[in-house]
């Protein structure tokens, strides 16, 4: 069998500060150690339960959050940014399961630790068919359109309700619980590793029994992106694909999840460009 792992870090245990999120941050090496330890646990447990091929998409920020030299077992690692489809690069119908690790709640979640959706710099909220969307939901739709069930999600406890709502067969593993945007309660790493091993085995069992279905939200997808800066809406409103609703919000329609993620990534890039432009004005 073949598994796809998408790794984010804001939902990892022990990650509770902006000082831990980027290579230039003072405590980033702590995040790398935790991420690598957890990914190695998943690789080992999946390998012991019938998965002969494992792809890990390092998917936070610059997407270089794993210590490649420490990765064990029969996995291949995707690193680097930007890249097509962002957090689900290379995920296709040849996989038997997808697994989302270190995921966090959607932008706008009360007490969600480091909550955002796709780009915290660009978006204050993203809604799909009227539903406030997290990265789990966006990537889960893409996985499901490729007929790959999301077998396991692990991350901030505030994400669990959304997972249960849209993918009730998916196994959820709480890795932490947000207290505020920059604070969380974290179990010990030993407890987390033990829970992950147990829950991976449970997810594989559910998968083999056909108890994990696909996520569906109804197509086409009507998407509303709420920007943090009205200048981003100023830039994109002249394109027919985007309908401006107010100072901060544009709407577009996507026929499938590939187009949905692609357009969100495009808008995020516009947001980065606007931010760089503002910072360059002296």
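The values are calculated or read from the model by the stated rules, or taken from the named source; none is laboratory data. Not measured: the values here are computed from a predicted model. Neighbour counts run over all protein chains shown; Cβ positions are idealised from the backbone, glycine included.
Scan 78, 55, 71 and give me the residue that is in contact with a strand residue (DSSP E or B) (Cβ under 7 Å, 6 or more places away or on another chain) and either under 14 Å from residue 40 (Cβ atoms) or modelled with pLDDT under 95 (or both).
Sole residue among the options that is in contact with a strand residue (DSSP E or B) (Cβ under 7 Å, 6 or more places away or on another chain) and either under 14 Å from residue 40 (Cβ atoms) or modelled with pLDDT under 95 (or both): 71.
Go over the candidates 152, 196, 214 one by one and state the one that is at pLDDT 95 or above and not assigned by TED's automatic domain parsing to the domain that holds residue 6.
214
Among the residues of the range 260-271, are any under 22 Å from residue 129 (Cβ atoms), more than 22 Å from the chain's Cα centre (by Cα), surrounded by 15 or more Cβ atoms within 10 Å (Cβ to Cβ) and not assigned by TED's automatic domain parsing to the domain that holds residue 121?
Checked the range 260-271: no residue is under 22 Å from residue 129 (Cβ atoms), more than 22 Å from the chain's Cα centre (by Cα), surrounded by 15 or more Cβ atoms within 10 Å (Cβ to Cβ) and not assigned by TED's automatic domain parsing to the domain that holds residue 121.
Just to be sure, is residue 247 free of Cβ contacts under 8 Å to residues at least 40 places away in the same chain and either buried (at least 18 other Cβ atoms within 10 Å of the Cβ) or within 21 Å of the chain's Cα centre (by Cα) (or both)?
Here the answer is no, as residue 247 does not meet what is asked.
Within the range 81-115, how many residues are touching a helix residue (DSSP H, G or I) at 6+ places or on another chain (Cβ under 6 Å), part of a strand (DSSP E or B) and within 24 Å of residue 228 (Cβ to Cβ)?
Total meeting the criteria: 1.
Looking at (1) closer than 30 Å to residue 229 by Cβ; (2) free of Cβ contacts under 8 Å to residues at least 40 places away in the same chain, find the lone condition where residue 172 falls short.
With (1) closer than 30 Å to residue 229 by Cβ; (2) free of Cβ contacts under 8 Å to residues at least 40 places away in the same chain applied to residue 172, the lone miss is (1).
Can you pull out every residue in the range 134-164 that is out of contact with any strand residue (DSSP E or B) (no Cβ under 9 Å at 6 or more places or on another chain) and within 16 Å of residue 105 (Cβ to Cβ)?
161
Tell me, please, whether a residue that is in contact (Cβ under 8 Å) with a residue 40 or more places away in the chain, touching a strand residue (DSSP E or B) at 6+ places or on another chain (Cβ under 9 Å) and farther than 19 Å from residue 117 by Cα can be found in the range 42-50.
yes
Taking the options 184, 257, name whichever one is within 30 Å of residue 50 (Cβ to Cβ) and under 22 Å from the mean Cα position of the chain (by Cα).
One residue alone meets the criteria, 257.
Give me the residue from the range 139-158 that is touching a helix residue (DSSP H, G or I) at 6+ places or on another chain (Cβ under 6 Å) and in a helix (DSSP H, G or I) and, out of that set, farthest from residue 278 (Cα to Cα).
Only one residue tops the list, namely 145.
Would you check which residues across the range 183-218 are under 26 Å from residue 249 (Cα atoms) and either assigned to a helix (DSSP H, G or I) or out of contact with any strand residue (DSSP E or B) (no Cβ under 8 Å at 6 or more places or on another chain) (or both) and list them?
Residues satisfying the conditions are 216, 218.
Any chance the range 56-68 includes a residue that's without any contact (Cβ under 8 Å) to a residue 24 or more places away in the chain and either closer than 22 Å to residue 143 by Cα or buried (at least 16 other Cβ atoms within 10 Å of the Cβ) (or both)?
yes
Residue check: is residue 96 farther than 20 Å from residue 171 by Cβ, modelled with pLDDT of 95 or more and in contact with a strand residue (DSSP E or B) (Cβ under 7 Å, 6 or more places away or on another chain)?
Criteria not met by residue 96.
Among the residues of the range 60-69, is there at least one that is over 22 Å from residue 144 (Cα atoms) and in a helix (DSSP H, G or I)?
Yes, some residue in the range 60-69 is over 22 Å from residue 144 (Cα atoms) and in a helix (DSSP H, G or I).
Which ones in the range 69-89 are over 24 Å from residue 119 (Cα atoms) and surrounded by fewer than 19 Cβ atoms within 10 Å (Cβ to Cβ)?
Selection gives 69, 70, 71, 72, 73, 74, 76.
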